[in-house]
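Visitor: Following this message is one structure expressed as C-alpha cells.
The values are calculated or read from the model by the stated rules, or taken from the named source; none is laboratory data. Just so we're clear, the structure is a prediction, and the values are computed from it rather than from any experiment. With ideal geometry, Cβ positions are generated from the backbone for all residues, glycine too; neighbour counts draw on all protein chains shown.
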Amino acid sequence: MAMDIGPAGAIARFTGKIFVALGFILGTYGLTEGQPAVMQTGLGLLVAGVLASGYGLYRWVITREFPK
C-alpha cells in the first residue's frame, strides 16, 4: 500500500499518529495524577490527531478516485 498521497497527506498522517500517541500519554498521566489541565491537553491532542488522520484519509481517497 505504498501509494503516493502527496506531501499534505503524508504530513497529516504522520502528525495524526504523533498527536494521538501523545494525547494518550498525557491523558493517562493526567488521569492518574489528578491534573485536569494535563488531561484536557491530552484530550485536545487526541482530537487534533483524529482530525489530522481524517484529513490524511481524505487525501488518500481523493488520490485514489482521481489518479493523475
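Visitor: Would you please name the residue that is farthest from Arg59 (Cα to Cα), looking only at residues in the stretch 16-35 that are under 11 Å from the mean Cα position of the chain (by Cα) and surrounded by 17 or more Cβ atoms within 10 Å (Cβ to Cβ)?
Guide: Gly23
Visitor: Of everything in the stretch 21-59, what is small (Gly, Ala, Ser) and in contact with a Ser or Thr (Cβ under 6 Å, 6 or more places away or on another chain)? Give them in sequence order.
Guide: Ala52
Visitor: If we keep just the residues of the stretch 1-48 that are touching a Lys or Arg at 6+ places or on another chain (Cβ under 9 Å) and not small (Gly, Ala, Ser), which is modelled with the lowest pLDDT?
Guide: Met3
Visitor: While we're looking at this one, here's another question. Which of the following residues is out of contact with any Gly (no Cβ under 6 Å at 6 or more places or on another chain) and touching a residue at least 40 places away in the same chain (Cβ under 8 Å): Ala21, Ala37, Ala8?
Guide: Unique residue meeting the criteria: Ala8.
Visitor: Could we say that Leu51 is at pLDDT 95 or above and closer than 16 Å to Ala8 by Cα here?
Guide: Judged against the criteria, Leu51 is a match.
Visitor: Can we say Ala48 is under 24 Å from Ile5 (Cα atoms) and surrounded by 14 or more Cβ atoms within 10 Å (Cβ to Cβ)?
Guide: yes
Visitor: Can I ask one more? When you look at Gly54, is it in contact with a Leu (Cβ under 8 Å, 6 or more places away or on another chain) and assigned to a helix (DSSP H, G or I), yes or no?
Guide: For Gly54, the condition - in contact with a Leu (Cβ under 8 Å, 6 or more places away or on another chain) and assigned to a helix (DSSP H, G or I) - is not met.
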